[in-house]
Structure formats: structure tokens, C-alpha cells
Amino acid sequence: PAGGQGMNTGLGDAWNLAWKLALACQETAPRSLLLSYDAERLPVARAVVRETNLLTRLATLRYPFVRTLRDLMLPWLITTEPTRARLLETFSQIGFGYARSPIVVGDGRRAPNVRLRERASGMAGPLYGLLGTKHVLLLWARPKERIPEDATVLAGALARRYGNVLSVYAVESPSPIAPLVLVRPDGYLGFEGGHKDARALQDHLARTFFVAER
């Protein structure tokens, strides 16, 4: 498809499946995790085909009057900020989310690559710099805002129990996503909530993602 959407969709497919296969093969996650691949990626593929079909029809209009109208309107449309943002998200494939996924709590959107500072080390950098082969759990707060002690205790317990598949960081940023955020290796949000949702996070990890380390 025009704009490299087929390539970007394929990259998203591979990234989505790779970390799930790795966890299943390492027996650190139930094999049922693999079922989420279809649930997450098939809607994306259908949307790409639908939008590509629409763009192709727009580019190959038959009637001269309609083509003239298209040629007059299109330059104006693509200069508006909402249209430009929509096209960017469509062609790059970063606008899709997994809100209906069986392994997601929240809207399942792609995590914004915001700049943050790790409280333990004081090191600052982009969120994506923390991503690797593990899930990343963030205890998130604004600068000078205190992270509740029970949240810190929870984070320590989860780090010990799921240390083979989970990295935990206490971070701060002027624009936090949510106090508790679980970022998947593919950069999408698997869980987001407040400190009061700690129990829900525990249940989510135990039920959906990981086999606890023994």
C-alpha cells in the first residue's frame, strides 16, 4: 500500500508476536498468551486494508468533475493539523491501540516516548530507553510528588516475584501517564491505573501474563 503501510503493519505484527513467543518458549508465561496475537493484530490488518482501499479509490476516480473536486480539496485538507496528524498515525501505524485485547487493562495505546527521570539513580532520558526484553512497571509521579509507601512496597514485591520478566522503576515526569503503568516490550500499555489499583495490577500479572518465578 502507498505510504509503506504494509511494511509498517508487518513490523508491528512481528514485534507483537516476538515477545509473546519468547515468554511462552521460556515457560515464563502461559501459552494462552499467544491467543492475544490475533485479537490485537487482526483488527489492525483489517483497518489498513479498509483505509488503503479508500485511498486507492480516491486516487483512481473516473469522473472528471469528481477528480477536479478532489484536486481542489486535497491540498487544503492535508495542510490542516487534524488531517496531518491522522495521516501520520495511519501511515506509521502508531495510532492503533489494543483496548479490546484480553491481556490489556486500559486503552492499550502506544506509550508516548516522554522524557522522565529515574528517582533511584537520578538519570534522565526517554521512556523508550527503558524498554528491552522485559515488561517495564513504572511508579509514576510529578517532580517533588511523593510516591505512596504502599506502592513502593508493592513494586519491591513484584520485582522479586517476577524479576525474570519485569523491571520496576520509580520515575517522575511533568506529565505522568498514570501512577501505575505497565509497558510491554513492544511499547504498548498493558496496564494503567492509580495506586489504589495495586490489587488489580497483581491480579493482572498473575492471571494474564506471567508464571511466577519459583
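With the structure loaded, tell me whether I94 is open to solvent by 60 Å² or more (accessible area, probe 1.4 Å), without any contact (Cβ under 8 Å) to a residue 40 or more places away in the chain and either under 24 Å from A29 (Cβ atoms) or in contact with a strand residue (DSSP E or B) (Cβ under 8 Å, 6 or more places away or on another chain) (or both) or whether it fails that test.
On the way: open to solvent by 60 Å² or more (accessible area, probe 1.4 Å): yes; without any contact (Cβ under 8 Å) to a residue 40 or more places away in the chain: yes; either under 24 Å from A29 (Cβ atoms) or in contact with a strand residue (DSSP E or B) (Cβ under 8 Å, 6 or more places away or on another chain) (or both): yes.
Here the answer is yes, as I94 does meet what is asked.
Name the single residue that is surrounded by the fewest Cβ atoms within 10 Å (Cβ to Cβ) among those in region 97-108 being in contact with a strand residue (DSSP E or B) (Cβ under 9 Å, 6 or more places away or on another chain) and assigned to a loop (DSSP other than H, G, I, E, B). Don't jump to the end; show me each part of the working.
Looking only at region 97-108, we keep the residues that are in contact with a strand residue (DSSP E or B) (Cβ under 9 Å, 6 or more places away or on another chain), and these are 97-98, 101, 103-108.
Going one step further and asking which of them are assigned to a loop (DSSP other than H, G, I, E, B), we end up with 97-98, 101, 103-104, 106-108.
Numbers: G97: 18, Y98: 25, S101: 20, I103: 21, V104: 24, G106: 21, D107: 12, G108: 20.
Of everything passing the filter in region 97-108, D107 is surrounded by the fewest Cβ atoms within 10 Å (Cβ to Cβ).
Those residues that are in contact with a Gly (Cβ under 9 Å, 6 or more places away or on another chain) and not hydrophobic (A, V, I, L, M, F, W, C), I need them from region 63-101; list them, please.
R86, E89, T90, S92, Q93, G97, Y98, R100, S101
Mind listing whichever residues of region 60-86 are open to solvent by 60 Å² or more (accessible area, probe 1.4 Å), in a helix (DSSP H, G or I) and either closer than 30 Å to G108 by Cα or of a type outside the set (A, V, I, L, M, F, W, C) (or both)?
P64, R67, T68, D71, P75, L77, E81, P82, R84, R86
Restricting to region 124-156, and then to whatever is of a type in the set (A, V, I, L, M) and in a strand (DSSP E or B), can you tell me which residue is surrounded by the fewest Cβ atoms within 10 Å (Cβ to Cβ)?
If we filter region 124-156 for residues that are of a type in the set (A, V, I, L, M), which is where we start, we get 124, 127, 130-131, 136-139, 141, 147, 151, 153-155.
From what is left, the residues that are in a strand (DSSP E or B) are 124, 136-139, 141.
Details: A124: 13, V136: 22, L137: 24, L138: 26, L139: 21, A141: 19.
Step by step, filter region 124-156, then rank; the result is A124.
Can you tell me which residue within region 16-59, out of those that are among the charged types (D, E, K, R) and open to solvent by less than 50 Å² (accessible area, probe 1.4 Å), is nearest to V105 (Cα to Cα)?
Residues of region 16-59 among the charged types (D, E, K, R): 20, 27, 31, 38, 40-41, 46, 50-51, 57.
Next cut, open to solvent by less than 50 Å² (accessible area, probe 1.4 Å) only: 20, 40-41, 51.
Details: K20: 17, E40: 13, R41: 17, E51: 27 Å.
Step by step, filter region 16-59, then rank; the result is E40.
Go through region 73-93 and give me each residue that's under 16 Å from N8 (Cβ atoms) and either touching a helix residue (DSSP H, G or I) at 6+ places or on another chain (Cβ under 8 Å) or polar (S, T, N, Q) (or both). It would help to see each step written out before you state the result.
Kept after step one, since they are under 16 Å from N8 (Cβ atoms), are these residues of region 73-93: 86-93.
Answer for region 73-93, where residues must be under 16 Å from N8 (Cβ atoms) and either touching a helix residue (DSSP H, G or I) at 6+ places or on another chain (Cβ under 8 Å) or polar (S, T, N, Q) (or both): T90, F91, S92, Q93.
Tell me the residue from A111, A120 that is surrounded by fewer than 19 Cβ atoms within 10 Å (Cβ to Cβ) and not β-branched (V, I, T), please. Walk me through how you get there before you give the answer.
Working: A111 fails: surrounded by fewer than 19 Cβ atoms within 10 Å (Cβ to Cβ).
Selected residue: A120, the only one of A111, A120 that is surrounded by fewer than 19 Cβ atoms within 10 Å (Cβ to Cβ) and not β-branched (V, I, T).
L154 is checked against (1) of a type outside the set (G, A, S); (2) under 16 Å from A200 (Cβ atoms); (3) in contact with a Gly (Cβ under 6 Å, 6 or more places away or on another chain) and fails just one. What number does that condition carry?
Result: L154 passes all but (3).
Would you pick out the residues in region 137-146 that are under 24 Å from the mean Cα position of the chain (by Cα), under 12 Å from A170 (Cβ atoms) and of a type outside the set (F, W, Y)?
Across region 137-146, the qualifying residues are L137, L138, L139, A141.
Got a sec? Which of G106, G129, G125, G95 is of a type in the set (G, A, S) and closer than 21 Å to Q202 by Cβ?
Working: G129 fails: closer than 21 Å to Q202 by Cβ; G125 fails: closer than 21 Å to Q202 by Cβ; G95 fails: closer than 21 Å to Q202 by Cβ.
Just a single option satisfies the conditions, and that option is G106.
Could you list, in sequence order, all residues of region 1-49 that are without any contact (Cβ under 8 Å) to a residue 12 or more places away in the chain and acidic (D, E)?
Of everything in region 1-49, just one residue is without any contact (Cβ under 8 Å) to a residue 12 or more places away in the chain and acidic (D, E), namely D38.
Identify, please: which residue in region 158-211 is farther than 27 Å from R100 by Cβ and in a loop (DSSP other than H, G, I, E, B) and is, among those, most open to solvent (accessible area, probe 1.4 Å)?
P174
The values are calculated or read from the model by the stated rules, or taken from the named source; none is laboratory data. Here the structure is a predicted model, which is why all the values come from computation and not from measurement. With ideal geometry, Cβ positions are generated from the backbone for all residues, glycine too; neighbour counts draw on all protein chains shown. Side chains are part of the model used for accessible areas, which takes the heavy atoms of the whole protein and leaves out ligands, DNA and RNA. Shrake-Rupley method; radii C 1.70, N 1.55, O 1.52, S 1.80 Å.
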